[in-house]
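Worksheet: the structure to be examined is printed underneath.
Where a number appears in this text, it was derived from the coordinates with a stated rule and is not lab data. It should be emphasised that the depicted structure is a prediction, and the values quoted were computed from it without experimental measurement. Cβ atoms come from the backbone with ideal geometry, glycine included; neighbour counts cover every protein chain shown.
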Amino acid sequence: MRNETVFTSAFNFLSSLSSPVQILLILAGVFVIKRIVQSQMKKAPPPPTEEPFEPLKKRDFTLQELRPYDGVQDNRVLLAVNGKVFDVTRGKDFYGPGW
C-alpha cells in the first residue's frame, strides 16, 4: 500500500512537469548535489614524501662509523654486506631499526 502511494506521488510530480526549463533545473540540481556529495567523499591527499638524500661518496666505513646510520640516530639507513656498503634508505620500512 505504501509503495503505491510513493509511485503515485512520483508519477503525479513527473506529470506536473510541463516545461523543459523545469526538467533542466531539476537535472542541474541533481548534478550539483552529486558533485557536492562526491567532493565530501574524496580521500585525503597522501602525506608528503621525504626529500631524497644526497648520494654518499664512495668510501670505506669502520663498524663504529656505520653504526649511526641505523634509521634511528640518522634518517639514512646503510647496510654492509661482504665489505660493500649499500644505501637502503628508500627501503627504510623494511630495513629500518632492529635489523
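For the reader, a short list of remarks on this structure follows.
- DSSP-assigned coil residues among GluC sites (Glu not before Pro) in the range 1-90, each with at most 10 further Cβ atoms within 10 Å: Glu50
- Theoretical gain in end-to-end length, Gln73 to Lys92 [0.36 nm per residue, Cα-Cα removed]: 5.5 nm
- With Cα atoms, 0 to 90° folded angle of helix 2-16 axis to the chain main axis: 80 degrees
- Label positions at Glu54 and Asn12, each projected 7 Å from the Cα along the C-beta direction, are separated by 7.9 nm.
- Between Val77 and Val88, Thr89, the built amide H atoms are under 5 Å apart, and every one of these is 5 or more places off in sequence or on another chain.
- Nearest 10 degrees, 0 to 90: helix 20-41 Cα axis against the chain principal axis: 30 degrees
- Total lysine pairs whose alpha carbons fall under 18 Å of each other in the chain (8 or more apart, or interchain): 4
- Computed from phi, the 3J(HN,Hα) profile of the range 77-94 under the Karplus parametrisation 6.51, -1.76, 1.60 (θ = phi - 60°) reads 10, 10, 10, 10, 9, 6, x, 10, 9, 10, 8, 10, 4, 5, x, 4, 5, 8 Hz, with x in place of Gly and Pro.
- Per residue, the convex hull spanned by the Cα atoms of the range 48-99 measures out at 87 cubic angstrom.
- Rough spin-label spacing in nm, given labels placed 7 Å along Cα→Cβ, for Gln64 and Met41: 6.2 nm
- Sorted largest first, the principal axis extents computed over the alpha-carbon atoms of the chain equal 86, 33, 21 Å.
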